[in-house]
Structure formats: structure tokens, C-alpha cells
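A.B. asks: Quick one: the structure is below, and I'll ask about it shortly.
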Amino acid sequence: MSKIKIVGQSLPDMPWEDRPEGCKDTVWRYSANPIIPRDLLPTSNSIFNSAVVRFGEGYAGVFRCDDTNRRMRLHVGFSDDAINWNINPEPLKFECDDKEIGEWVYGYDPRVVFIEDRYYVTWCNGYHGPTIGVAYTFDFKTFHQLGVFGCTALTCIVSMDPKAGWDHRFVPVDPQVIHDQIEACAGVHTAIDAVKIGMLGTAATIDVVDAALEEYRFPNVVLDPVLICKGQEFASARAVDDALRSRILPRAAMVTPNLFESATLAGVEEITSLAELKDAARRIHDHGVPNVLAKAGPSLGTGTALDVFYDGETLEVLEVPAVGTERVHGAGCTLAAAVTAELAKGATPLQAAVTAKEVVSASIGMRGNIPFTYVYQGWYTG
């Protein structure tokens, strides 16, 4: 390799030391390392995991600083030349709408990136177990922690079979285990602001979920009504669908059916036009669901991915350019999860639907060794 090219922001004053004679490495270590001694702070046992970006006329960074009790903390630092650093002795504190989320136990492996008008920070987070934290800052003085915290109760395990046309292999979770998971979530998180329900799959699962909804009275229940999953016998699946409509649907604050599910819930044969999708949304609402987000995606052949929102008064068509002509694996699950997150943060149902549509649109495009496109939520930056 005769030349080394750095792709990114121009840094004409970036510290540089020529490659040592005889070294063939692409990246080589600075001869005066470490530039930050482990005991730079009076309380630090070690300082590492640096995440440094250009900031103003100098540099800023977020660092993992373990104190003398080996507690992992994040600290902010500044430097004029990226060699000589001043690191704040006080750990980084976050502004957060939910104080509990902001009071995590430990933090390490920070990353910093500039997107549009602000710096985003991610890190490995200790919050009721290992999680990922994300925050943003404009000035490296005030950090605003984002998002919601999700707690999962698995109702079934589904894998895809590459030897059978990628059909679903469906394994239900024991109802007592489902009960125990919900009990644990409700016990740890005393204020649950929204709940998303996806694949249930068996009458026994519906029994335990229905009982939990009755016991805990969760607000903002979002139902993604998965009807007749591939891999299920039709007769048993139909019985489960009937139970879902009669017992879980009436408890939902919002439902997010796809075309087939919209037709089934509305009691019509099929939906082939926008007018029919609007009618189906109205019919589902008339069954007692306050808010309906009926999803067509690209299936109506309009060249767009469209959904219809209806709350009894407002009927809104949410439409963006389609990415391809086929349905995207995981798009419906992502949409319902994003709706739930937005409702938990206080958005109106329509606002939640609009943001969720943006999340899905930004997330489409991943394709691996499978014959269809799927979503990657990490592409959405807000």
C-alpha cells in the first residue's frame, strides 16, 4: 500500500507521527503512549474506551473512567490538540424525562458521532441488566438521554426454515413461563406506559395474556394481530384467531393489521384498493378499537407504501415512496414497536403512527443470505 487514505471530516491539524521504519501495519501506535495516564483524575484507577470527535477548534470525547473501586463511569474530556487532555473529574450526568432511566449503574464502551446538528453518544449501559444507552448533546455539557426501555415477555419462539421456503417453525412458550415473565416485568417496572402484543399463537397463550391484561390494566395496549402464522395447522390457527378477536382485540388502544388481517378483522373477502382499506379501517374501529392503523405497504400497486390511520374522526393516509414491490420482513413488527414506544413517550396515536412510519421507511434495505429484504432499525436516526 503506497498511500493511506482517511475517509471522513478533514482534520488538517490532526496529530500525526510517521510510520516507524520497518513497520508494515496499516495503523501504528504513537510512540509516546499513553497520552492519558490511568491516574489522570484523583479518583481514577484507569481511563480508556475513548470516543473522540472534532469539536469547535479542538476535540471533545467521552471516556470510560474506572474509579479506585473499579466502578465503570463515563466522563467528558476536552483537548486543543488531541494529545493533551482535560477530563472532567465528575462523571457524566444525563438529562432524562424519566429519572429512573437516567440512573443507570455503570457505563462503558462509549461511541460518539455527529449527525445533522448534534452529537449522539451510545454506550454499554447497566439498567436492570446489560442494555444499550443513547443520548445526544450540542455542547458536550448537557446530555439528553433518549428513548424508552423495553421489557420482553416471550410468548413463542419462531425460526425460519431455509429448506421449506422460509416457512416459520413455531414453538409456543409454556403458559406458566409467560405468566412469570409478565409478573417479573410488572414487578420491576412499576410504571409501564405502553404494551405491544404480537404473535400469540395458541389458545393457552391467549388465556394467560388476557388474564395479565385484566390484572395489570396496562395503558396503551398496541395489538399487532398476527393471524394464521405459516407453520400452524389451519384449524387450530383459526380457533386462535377467533379467540384473539373476541378477547384481546377489545382490550387494545390501537391495532396495526396488515392487508390480510385488516380484511379478516373487517369481515370482508379482500382489500384491493385504497378506498377498500379506508372502509376496513372504519369497520375495525366500529368493532370497538379506538385507533386503527391498517397497513398496505406496497401491496396495492400505487408505487407507494401506504397505511391508513382512523380514530373515529380523523382518517389519514400515511404514504411514502415504496422501496421495491414486495413486503419487507419485520416491517410490521417494527411499526407496531415504534408506535408503542411513541405512545409511551406521550405522543398522540396519530403522531405515533407518523413517527413509526418514518422509522420503518428509514429501516428498509437490509438483505443477507435470504431471498427477501428485511428491516434494520439501527438505520433510523430520528
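Laboratory data are not the source of any read-out in this text; all were calculated from the coordinates shown. Because the structure is a prediction, the values reported are computed rather than measured. Neighbour counts run over all protein chains shown; Cβ positions are idealised from the backbone, glycine included.
A.B. asks: Please get the size of the charge dipole for segment 156-379, origin at its Cα centre, with Cβ charges of +1 on Lys and Arg and -1 on Asp and Glu, quoted in debye to the nearest 20. Please report the intermediate quantities before stating the final value.
C.D. replies: Values: 17 positive and 28 negative charges, 86 e Å.
For this selection, approximately 420 debye.
A.B. asks: Arranged by the count of other C-beta atoms within 10 angstrom, fewest first, what order do I248, I115, I197 take?
C.D. replies: Working: I248 19, I115 10, I197 25.
By the 10 Å Cβ count, ascending, the order reads I115, I248, I197.
A.B. asks: Number of Lys pairs in segment 156-379 with C-alpha atoms less than 22 angstrom apart, excluding same-chain neighbours closer than eight positions?
C.D. replies: 10
A.B. asks: Suppose each label sits 7 Å from its Cα in the direction of the beta carbon; what would the T304-V53 distance come out to in nanometres?
C.D. replies: Modelled inter-label distance: 3.4 nm.
A.B. asks: Sorting E316, E276, E95, E21 on the 10 Å Cβ count, fewest up front, what's the list? All intermediate terms of the calculation are to be shown ahead of the outcome.
C.D. replies: Working: E316 15, E276 19, E95 12, E21 5.
Final ranking by Cβ density, sparse to dense: E21, E95, E316, E276.
A.B. asks: Once you keep just the Cα pairs under 8 angstrom separated by 6 or more residues, what percentage relative contact order results for the chain? Write out the running numbers ahead of the final one.
C.D. replies: Values: 678 pairs, mean separation 29.2, N = 382.
Computed over the chain, the figure is 8 percent.
A.B. asks: Could you grab the relative contact order for segment 44-145? Cα pairs under 8 Å, six or more apart, rounded to a whole percent. Each step should come with its number before you reach the end.
C.D. replies: Numbers: 222 pairs, mean separation 21.7, N = 102.
Relative contact order of segment 44-145: 21 percent.
A.B. asks: Here is a follow-up. Each residue of segment 284-293 in order: what ³J(HN,Hα) in whole Hz does its phi give by Karplus 6.51 cos²θ - 1.76 cosθ + 1.60, θ = phi - 60°, with x for Gly and Pro?
C.D. replies: Each residue's phi maps through the Karplus curve to give 5, 4, 5, 7, x, 8, x, 9, 10, 10 Hz.
A.B. asks: Moving to a separate point now. According to the Kirkwood expression over distinct Cα-Cα pairs, how big is the hydrodynamic radius of segment 156-379, in Å? Could the numbers behind the result be given before it?
C.D. replies: Working: mean 1/r = 0.0555 Å⁻¹.
Value: 18.0 Å, from the Cα pair sum.
A.B. asks: Further question: For T43, T202, which order do you get if you count the other beta carbons within 10 Å of each Cβ and list the fewest first? Don't skip to the answer; put the middle values down first.
C.D. replies: Working: T43 15, T202 20.
With the fewest neighbours first, T43, T202 line up as T43, T202.
A.B. asks: Averaging the inverse of every distinct alpha carbon separation and then flipping it gives the Kirkwood radius. What is it for segment 44-145, in angstrom units?
C.D. replies: 13.7 Å
A.B. asks: Continuing with the same structure: Report the semi-axes of the equivalent ellipsoid for the chain in whole Å, largest first, where each axis is √(5λ) for an eigenvalue λ of the Cα gyration tensor.
C.D. replies: Working: eigenvalues 431, 123, 82 Å².
Listed largest to smallest, the semi-axes of the chain are 46, 25, 20 Å.
A.B. asks: If you put +1 on each Lys and Arg Cβ and -1 on each Asp and Glu Cβ, how big is the dipole of the chain around its Cα centre, in Debye rounded to 20? Walk me through the numbers on the way to the answer.
C.D. replies: On the way: 33 positive and 49 negative charges, 176 e Å.
About 840 debye.
A.B. asks: Now a separate question. Assuming R0 = 22 Å, can you tell me the calculated FRET efficiency for the pair I132 and E215, based on Cβ-Cβ distance, to the nearest 0.05?
C.D. replies: On the way: r = 31 Å, r/R0 = 1.39.
Taking R0 as 22 Å, the efficiency between I132 and E215 is 0.10.
A.B. asks: Something else about it: May I ask you to compute the full-extension gain from T348 to M160, defined as 0.36 nm times their residue separation minus their alpha-carbon distance, rounded to one decimal in nm?
C.D. replies: On the way: separation 188, 0.36 × 188 = 67.68 nm, distance 3.53 nm.
In short, 64.2 nm is gained.
A.B. asks: Suppose R0 equals 56 Å; then what is the FRET efficiency for E183 and R29 from their Cβ-Cβ distance, rounded to the nearest 0.05?
C.D. replies: Working: r = 52 Å, r/R0 = 0.93.
Efficiency at R0 = 56 Å is approximately 0.60.
A.B. asks: Write down the percent of antiparallel bridges among all DSSP beta bridges whose residues are both part of segment 156-379, to the nearest 5.
C.D. replies: So the antiparallel bridges in segment 156-379 amount to around 70 percent.
A.B. asks: Could you compute the FRET efficiency for R169 and E313, with r as their C-beta to C-beta distance and R0 at 56 Å, rounded to 0.05?
C.D. replies: Details: r = 43 Å, r/R0 = 0.76.
That gives a FRET efficiency of 0.85.
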